[in-house]
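Note sheet for the following structure.
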Ligand code: FAD
């Protein structure tokens, strides 16, 4: 655990900030860097490890400037960068925000804190299947990110679980690497957009198993197969497999937001392209927004834009 994160309740004198950033993933940390450079008194609140989902990524091979960097190492260098510029950090779980009015009031596990502007950078978590083998073989053949891990499966047998846009788009992407890509879907037709379906059906490498769910991922140190089950008959079979990519949706980390007007129907925070929500002084960045490409670089880019938009907002209050 990083020593620079403060523990304990907020004390008098540290309670009003220009900008409070909720979430210390790449979106929040990059926003911290830009906010500090704009001279904003900035606090990052993080309930877990700094770095967010980067902490769950062993090798990052697509963050520009690094042919390969370990996820925890990139997390630490982003945190150290923000820290060097004077951003404050605090371990706290944000439980609700009074968004209207100025200052905004954040209710956290460590007490209340006030800010002229708030940036929501709490990310989204890929949904899991909750089946045996999934956690144990995560990073050992089980993945939630084709862009990140596809290249590790050159000429291998790959399974994709799901039938929506992500499953089919990422499955088609995986045909660049895999010997074959088998889509396993619990229904008898896909939910993905017709254009994506057309592309997938015309790929010689892509095959489909309908009306089945994956009930177990097999393997000792690496994935060696999957066990699937027919949703109606319950009949099971095992299939040899080297990689399993799971696309059964994401859960945006927005349960602490009671202002439904800034959320879309899936719970993501709606913003304009400058990261403003419809509530003045409330901004959002990174995976917590509805977006096509959820990556470190796109989260960091959102964070930079959000910090500068927040800076202009705060200037306008003076
Ligand atoms: P996150 O990284 O999710 O950070 C959000 C932070 O907010 C978390 O630390 C969380 O603890 C904190 N938080 C949430 N709620 C609260 C709260 N109420 N109070 C306080 N704190 C809170 N992308 C790549 O570019 N390359 C890769 O190789 C790659 N590999 C990946 C591998 C995996 C297994 C996964 C899941 C993702 C991968 N990604 C990769 C995607 C990338 O990690 C994400 O797109 C990126 O981390 C999103 O950044 P973020 O800051 O928006 O959110």
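Only the coordinates and a few stated rules stand behind these numbers; no lab work does. Quantities reported herein were computed from a predicted structural model and do not represent experimental measurements. Cβ placement follows ideal geometry from the backbone for every residue including glycine, while neighbour counts extend to all protein chains displayed.
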### Query
Going by alpha carbons, how many degrees (0 to 90, nearest 10) lie between the helix axis of 26-37 and the longest principal axis of the chain?
30
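Would you kindly state how much longer the chain becomes between residue 67 and residue 191 on full extension, computed as 0.36 nm times their sequence separation minus their alpha carbon distance, in nm to one decimal? The partial results should precede the final answer.
Details: separation 124, 0.36 × 124 = 44.64 nm, distance 3.55 nm.
Stretched out fully, the residue 67 to residue 191 stretch lengthens by 41.1 nm.
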### Message
For the chain, take the longest principal axis of its alpha carbons; what is the angle in degrees between that and the long axis of helix 71-84, to the nearest 10 within 0 to 90?
### Response
10
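What FRET efficiency would be calculated for the residue pair residue 37, residue 221, taking the C-beta separation as r and a Förster radius of 45 Å, to the nearest 0.05? Could the numbers behind the result be given before it?
Values: r = 45 Å, r/R0 = 1.00.
Step by step, r from the Cβ atoms, then E = 0.50.
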### Task
Take the Cα coordinates of the stretch 48-161, assign each an equal point scatterer, and use the Debye formula without solvent to give log10 I(q)/I(0) at q = 0.14, 0.19 Å⁻¹.
-0.81, -1.12
### Max mean-square fluctuation residue, GNM over the chain, Cα-Cα springs under 10 Å, options 262, 131, 158
131
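Set the Förster radius R0 to 30 Å, insert the Cβ-Cβ distance between residue 165 and residue 136 as r into 1/(1 + (r/R0)^6), and round the FRET efficiency to 0.05. Don't jump to the answer; show the numbers that get you there.
Details: r = 28 Å, r/R0 = 0.95.
Result of the calculation: an efficiency of 0.60.
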### Query
What relative contact order, as a whole-number percentage, does the chain give when Cα pairs under 8 Å and 6 or more residues apart are counted?
21
### Query
Expressed as a whole number of Å, what is the distance separating the alpha-carbon centroids of the stretch 116-163 and the stretch 254-318?
24
### Summary
Percent relative contact order for the stretch 214-310, counting Cα pairs under 8 Å at least six residues apart, stands at 16
### Query
Mind checking the angle between helix 296-317 and the chain's longest principal axis? C-alpha axes, 0 to 90 degrees, to the nearest 10.
20
### Query
So how much slack lies between residue 81 and residue 198, counting 0.36 nm per residue of separation and subtracting their Cα-Cα distance, in nm?
37.6 nm
#### Entry: Ellipticity estimate at 222 nm from DSSP helix runs (n ≥ 4, -39,500 (n - 2.57)) divided over the chain, nearest 500
-7000 deg cm²/dmol
### Query
Label points 7 Å out from Cα along the Cβ direction at residue 264 and residue 47: separation in nm?
2.3
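Using alpha-carbon pairs under 8 Å, 6+ residues apart, how would you state the relative contact order of the stretch 230-287 in percent? Mind dumping the intermediate values first?
Values: 36 pairs, mean separation 11.2, N = 58.
After rounding, I find 19 percent.
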### Task
Multiply the residue separation of residue 238 and residue 147 by 0.36 nm, subtract the distance between their alpha-carbon atoms, and state the gained length in nm to one decimal.
30.1 nm
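Specify whether the C-alpha gyration tensor of the stretch 264-310 places it in the rounded, prolate or oblate class, a ≥ b ≥ c being the square roots of the eigenvalues: rounded for a/c under 1.5, otherwise prolate if a/b is larger than b/c and oblate if not.
Details: a/c = 2.48, a/b = 1.06, b/c = 2.34.
Note, shape of the stretch 264-310 comes out oblate.
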### Query
When the Kirkwood radius is taken over all Cα pairs of the chain, what Stokes-Einstein diffusion coefficient follows at 10 °C and 1.306 mPa s, in µm²/s?
76
